[in-house]
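Okay, so here's the structure we're looking at.
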C-alpha cells in the first residue's frame, strides 16, 4: 500500500487535482457545492471503469484506440437487447459485456499472434466497430429503456446512483488485480520486458490477450452504464473523444508510456481531474471548443514535467 | 547474439500465406457487395436515375424521413432512386467526392442536401457543366451561386429558431433565464437555429445564461446540461437545436429534479411529439421532410422532362415551419415524421 | 618506426556512484594507472578476464568515455578525445564486437554514412559506389557496393566495417573479439587482411580470448586484471598457463569444486532433434546429479539447442523426453512448472527485469507455486526473496533494491536465485559466468556443483573451456547446428582435445 | 523480406481493385473519373509522403488529422481578413511545420512514444481549429485560391500536379540527399547513426517537421478543393493516410519504404473508395473495409522487428 501511495504522490496527479479544486472553489461560481460535487462524481463513475482497462493496456506497452467505439457498440447492443428484443436484464448485461470481451479477444489476438502493433490494430478495429454499430442500428436512437434495466445503474442510494457504487467496486477490484495479484505482476513484468517474462515461465501471451479482453469488457460495461444513465442507446456515444479522454486520464494518472508501471489510484485521479475541468468550463460557460486544446495541454504538461523530473532524479 | 538460423522461417511463411488468403478473400468480399449494390441500383428499366446525396441518415429521423419521401416520389414518377450518404456529420469532402462520382456516373438528376454551404459550390459547377440538374434541400448553398441549382427547398432554420425564441419569450412572460444546448461544432443548420433563437429573444427580458454544444449526442447533451444547471439554479427555459438531444437533456433535468422548465426544440419528430403528449417539453418547431422531399423531386423532374424552364422556378421554396405544442397534438400526430 | 604510434600513460578510471560522481578514495578502480602502447604495423593483443578493464581502456582510447587521469600521446602529440567522432577523425577506429552497420542500407551507403559524397548537395552516387568498390578491392575483397548489407554474411559485413574504418585513413584499429562469430576459413581471411593492414603501418589493438589466435596474429600480449596492467610479453611462444596465471591470478584447478556424483537415472533425453532445416539430427542425455557441458563456437547452435529444449524455439523434428514425459511443443510456462530452468546468456534482456526489485525478480519464476490462489502476500513474498538473497549471498541494501542498480555479479546471482526459488530439477545454463568477476565466478561454480550434488541435472553451455572442463562430467561438442562429439573420459577433456573437434574439417590451428 | 510481401499484397490489391472496378463500373475507366480518383487521392497521397518518412524512422504521426484542419483554418481566416493569398498560405504552412517541429522535439528530446505525442498534438491542433472560428466552418475564398483545388494547368488538374511535386520532393530528399540516407540509417540502426556523430535529434525534428509540412499542404489543398475549411475536416484522412503507407509497403519495422509507393497506396485507397461510391456502398461499410485492409496488410508484411520481441 505504501508504495502505491508513494507512486501516486510521485506522479503528481493528486497535486494537480487539489490545485484544480482549489482554483475551482476560489474562481468558479457555484463550483463549491455538495450538489456539484455529486454531479462530478456521477460523471466520473463511468470513465473510472473504462480507464482501468486502458491503464492495463498501457502497462503492456500497448494502447487501445478502439475503446470509445466499443462504448458505442455496447450502447447500441444494449438498446437492441433491452428494448427491441426485450431480453431479461441479466441477460442483456451479460451479453453486452460478452460482446466487449469478444472485441477484446480479437484485438488481443491480432496484436499478440499476428504481431500487428497495437495502435494500428485498434485504430483499424475502432473504425470497423464504429461502422458496424452505425450499420446495425441504422442510426436509430433507442430511448425509454425498460425500468428494470435502468434500475441497474440508477437506483438511488444515499443520493448517488448505483452506477457510482458499481464503479467503486470495480476500481477496488482493479486495484487489487493490478497491484496485488499474480496476474498484475505478470502484466507489469510483460510490460517491462516481455522476453524475460516469457523465459521466466510467465503466461505472457495469455496475459497480453487477456488485458485487451478486460479492457474492452470494461469499456462495454461503461457503454452499458452510460446508456442507462442517459436512458438512450446510440452508436455515436463514446467515440474518439471518449477514447482520448480515457488515455489522458490514465497518463495524467502516472501510467508509464513505456509499459510496466501503472497506478489505478492515479488513473482514478486522472478521471476526476478531467471531469473537474469539464465541469468548470461549463459552469463558467466558456466556449466548449477550448476543451480539446486544454485537455491536450494538460497531458503534454504532465508528460513533460514527468520526463524532466525523471531526468533530474 | 548472432544466430546461424534464419529467424523461425516456418511460422512466418505460413503466416504470410494466410495473409494472402485474407487479402484475396477481402477483395472477393468487396467485389461481391459491389455486385449486389450495383444490380440493386440498376434494376427496373426506368426513365433514369435520380440520386439523393445526404450527410447521413443515422441518428437523424429527419434525414431518414426526407430520404423516404424522395424515394417514394422518385419511384412514383418512374425513375430509379439512388441514395448516397457521406456518413460522418463532418465528412464534407466525402460528400463532394460522392457527388463527383455521381456526375461521372451520369445520373439523370440530383437532389442534394449540402453538408456545407460553400463546399458544394465547385462540384455544383461541375454538375451544371455535365448538364445534370440539381435541386438542393434542407440546408442552403452559400449566397451568390443561385445559378448552379434549380431551387432550394427546405425549412428556414433561422426562422424556425426565431419562432422558437418568440415562443420562449411569450411562455416565460417576457422575463427569465434560459439555457441553450447547441448542435455539433460546425453544423450550419444548428448554428442558424441558435442564431435565430437569439434573434427571437432580442428586446425581451429573457436572457441566455448558458450555451454549450451537445454534439447531437444524448450523453454529451446530458453532461453539459447537468453542469450548466449547477451554475444556474434559477433557469426557467431551455432551447435545444434538435429533438435528437431531448432524451439526454430530460435525464439531466430529472436527475437535478427540475420541474416546469419550458423546453423548446426543433424538428417535430415523433419522439418529440410523444414527449409533448407526456408534457415533458413545451414545444418543438416542426419541419416537414415529406413536403420538402416531394416538392424537390417534382421540380427536378419537371425540369428534366422540360415541362418547365429552370429559371421559371423560384430559387427558394420555404417548406415552412410551425410550433407543435399540446394545443395542436392531433395535427402534430398527423404531420410528424 | 621505433617511436611508438600510441602511448597511453597511467590511465585511471574511478568507479562511479549512482548519482554519477567518481569515488576517488575507493581502492577499487575500474582502471588503476594502466599504461599501454602500440607501435606502427604491430598487432598488440589485450587479454584479461571479463571486467578486467579491457573494454574500458579501449573505450577511453576510442573517445567513447573520458579518462579520469593519465595522458594519451598519439604520434608524439598529447591528445584528448571529447567524442568517438573526434577520436576517429584523429585516426582511431573502433570495430565493435556487435556489428555497427545498417542492414537496410547498401554497402556503399553504409561506408560513407555521415560523410556522404555530394555534388551541389545532391548525392553523387557514381562516385560513392566507385570509391566504395575501390576501397573494398584494395583490401582484396570484391564485394558489390550496391548490395544490401543485410544480405552479406557476418564475415563480409565485418570486412565492410573494416573498410569503413580505413576510409577514415585510420592509423589505429581497435578490434574487440572480431572472430567471435566467424568460421575458421573466414577467420583466416580476416587474419590475412590484418597482415596487409600491418604492412601499411597500421597499428592494431586486438582483444581476444582465443589463445590459438594470439599466436597467429599477435606481436605482443598485454594482460589486464582487476583494472591493473599485469604485464606485457611477446606472443612468440608464450605459454598458455602462464598467461592464464596472469589473467586469473591463481592456478585454474582450485576454482572448480567437483563434489557432485552423477546418478544413473536419465532426467533429460533428446532424440534426433533437428535444430535447423539443414543440420543433422542430434541426441543427448542428462542424468540426475550430472553436469553436462556443451562446447562450440558462438553461432554453432548452442543457444538454439537450449532454447529449443526450453520450448522458446520451434522444434523441427525429433523428440524431447523429460522425466519420462514427451515434452515436444511444451512452452516455457509449462516446463518451468515441471521443474525446468533456463538461465539465458543475455542477462539484461532475457534473464532479469532490471526495472523491478530483487524481490520481484527472485519470485518471478515461482509465483505460480508461492501463490496458488493468484493473490500475492507481500510478507510471504519478501520472506521467500530474503531467504534466496541470503542463500546466494547477494550484496544489496534490501530486497527492495532495483536489480538494474546491482553489479554484474549480483545480477547473475539474482538470476540464479530466481531459478533456485523455482525449485527446478533441470538447469539449462547458457554462459553462466559471462561478464562477472573472478570472485563471483568461483562462487557460481560452487553453486552449480551444489545443485548437481542435490541430484539436479545441469546442462551448461560455455565459451570458456577451462570452466567447462572444470565443471562437466561429460562434454558434447557442437558444430554447424549438431553434436559432433561426446567426450566422457577426463583425459580427453582438454582444451586441445575439444578444440580439435570444434575446428575439425578446418586446418588444425597452430598450437 | 517483409517488404517484398508488402509489395506483393500491394500489387495484388492494386490489380484486384482495378479489375473489380473495370468489370463492375462502366464509368470507372473514363478519363474524367480517373482524374477524379487522382484528385480525390491527392490529399491522402500528400499526407502519405510525409507519413512515410516518419514511419521509416520508426515513428507514426497521428497529428495530421488535426493539422489538416488547423493549417487551412489559419490561411482561410487570414484570407478572409484580406491578407494576400500567398502570405496566408505561407502562414498556414508554417503552422504545420511548427506543430511538426513540436512533435519532433517531444519525441526526440523527451523520447515520448510518437503515437502518444502526435495523438496529443493532433488533439491540440484540432482544438485550436475549433476555437479559431468558434467551431464554425469558413468558405467563399478568392477565386484564385479555389483554382488551386479545382483549376487545371496544361489540362492536368492542379491537385494532381501538386501531388506529383510533393511526391517528387519526398523522393528527392529520401533518395538523393545525405539526409535521406541518414533517415533510412536511423530507421535501420539508431546506435550506428549516433556513433557517426550525426545529429539524430536534428534528423527526427526534420522528419516530423516535414510530415507537418505535408499535412499543411494537404489541408490547404483540401480547403481549396472544397472552397471551405471545416474545423474537423481532417478526421477522415488519418486512417486513409496510414492505410496508403502500409499498402504501399512502408514497413512499420522501420528503415524501408518510399514516397512513390506510398502515393501509389493512396491511389489504391482512392480507387477503392471511388468504386464503392459509384456502387453506392455506404461509407461506414467502406471504413470497415479500409480498417480491415490496414490490419491485414501490416500483418501480411511481416514485421520481423515485432516478431523478434515476442518469440514465435
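The values are calculated or read from the model by the stated rules, or taken from the named source; none is laboratory data. Please read these numbers as outputs of a predicted model, since none were measured by experiment. Methodologically, a virtual Cβ is constructed for each residue, glycine included, from the backbone with ideal geometry; neighbour enumeration extends over all protein chains shown.
Of the residues in segment A:272-286, how many are more than 14 Å from chain D (Cβ to nearest Cβ) and assigned to a helix (DSSP H, G or I)?
Of the residues in segment A:272-286, 8 are more than 14 Å from chain D (Cβ to nearest Cβ) and assigned to a helix (DSSP H, G or I).
Scan segment C:287-297 and tell me whether some residue there is over 22 Å from residue C:470 (Cα atoms), in contact with a strand residue (DSSP E or B) (Cβ under 8 Å, 6 or more places away or on another chain) and not assigned by TED's automatic domain parsing to the domain that holds residue C:406. No - not one qualifying residue is present in segment C:287-297.
Taking the listed residues A:137, A:181, the one that is touching a strand residue (DSSP E or B) at 6+ places or on another chain (Cβ under 9 Å) and under 25 Å from residue A:265 (Cα atoms) is A:181, with no other qualifying. With respect to residue B:298, is the statement that it is assigned to a helix (DSSP H, G or I) and not assigned by TED's automatic domain parsing to the domain that holds residue B:63 true? Considered against the rule, which asks whether it is assigned to a helix (DSSP H, G or I) and not assigned by TED's automatic domain parsing to the domain that holds residue B:63, residue B:298 comes out as no. Put simply, of B:292, B:281, B:261, B:313 the only residue that is away from every other protein chain (no Cβ under 13 Å), over 25 Å from the mean Cα position of the chain (by Cα) and in contact (Cβ under 8 Å) with a residue 24 or more places away in the chain is B:261. Considering segment C:298-319, the residues that are farther than 23 Å from residue C:471 by Cβ and touching a strand residue (DSSP E or B) at 6+ places or on another chain (Cβ under 8 Å) include one that is surrounded by the fewest Cβ atoms within 10 Å (Cβ to Cβ), namely C:317.
Quick one: which residue in D:102, D:172 is under 30 Å from residue A:55 (Cα atoms) and under 22 Å from the mean Cα position of the chain (by Cα)? Selected residue: D:102, the only one of D:102, D:172 that is under 30 Å from residue A:55 (Cα atoms) and under 22 Å from the mean Cα position of the chain (by Cα). Considering D:270, D:234, D:265, the condition of being more than 7 Å from chain B (Cβ to nearest Cβ), more than 27 Å from residue A:133 (Cα to Cα), touching a residue at least 24 places away in the same chain (Cβ under 8 Å) and touching a helix residue (DSSP H, G or I) at 6+ places or on another chain (Cβ under 7 Å) is satisfied by D:265 alone. When segment C:263-311 is filtered for residues that are part of a strand (DSSP E or B) and touching a helix residue (DSSP H, G or I) at 6+ places or on another chain (Cβ under 9 Å), the ones remaining, listed by number, are C:268, C:270, C:273, C:282, C:284, C:291, C:293, C:294, C:295. Restricting segment B:238-258 to residues that are surrounded by fewer than 24 Cβ atoms within 10 Å (Cβ to Cβ) and part of a loop (DSSP other than H, G, I, E, B), the residue that is nearest to the other protein chains (Cβ to nearest Cβ) is B:256.
Meeting the requirement of 1 or more residues that are more than 9 Å from every other protein chain (Cβ to nearest Cβ), the helices (runs of 4 or more DSSP H) wholly within segment A:151-219 are A:162-180, A:182-192. When segment C:319-342 is filtered for residues that are part of a strand (DSSP E or B), more than 9 Å from chain A (Cβ to nearest Cβ) and either more than 23 Å from residue C:279 (Cβ to Cβ) or under 30 Å from the mean Cα position of the chain (by Cα) (or both), the ones remaining, listed by number, are C:320, C:322, C:325.
Every condition in (1) more than 8 Å from chain D (Cβ to nearest Cβ); (2) in contact with a strand residue (DSSP E or B) (Cβ under 9 Å, 6 or more places away or on another chain) holds for residue A:289 except the one numbered (1).
Taken as a whole, the structure leaves residue B:221 outside the set of residues that are within 9 Å of chain A (Cβ to nearest Cβ) and modelled with pLDDT under 90. Going by what's in this entry, would residue B:124 be described as modelled with pLDDT of 90 or more and within 12 Å of chain D (Cβ to nearest Cβ)? So residue B:124 fits the description; yes. The residue that is modelled with the highest pLDDT, among those in segment C:428-462 that are under 22 Å from the mean Cα position of the chain (by Cα), surrounded by fewer than 19 Cβ atoms within 10 Å (Cβ to Cβ) and assigned to a loop (DSSP other than H, G, I, E, B), is C:434. Taking the criterion of being touching a residue at least 12 places away in the same chain (Cβ under 8 Å) and touching a helix residue (DSSP H, G or I) at 6+ places or on another chain (Cβ under 7 Å), the residues of segment D:148-170 that qualify are D:148, D:149, D:150, D:157, D:159, D:160, D:162, D:163, D:166, D:167, D:170.
Note on segment B:66-104: residues that are at positive phi and within 7 Å of another protein chain (Cβ to nearest Cβ) amount to 1.
Go through segment A:137-150 residue by residue and tally those that are more than 10 Å from chain B (Cβ to nearest Cβ) and at positive phi. Looking only at that region, the number is 0. State which residue is farthest from residue A:261 (Cα to Cα) when the search covers only segment A:294-306 and only residues that are at the interface with chain D (Cβ under 8 Å from one of its Cβ atoms) and buried (at least 16 other Cβ atoms within 10 Å of the Cβ). In this case the residue turns out to be A:294. I need the full set of residues from segment A:129-150 which are in contact (Cβ under 8 Å) with a residue 24 or more places away in the chain and part of a helix (DSSP H, G or I), in order please. Correct list: A:129, A:130, A:132, A:133, A:134, A:136, A:137, A:148, A:149, A:150.
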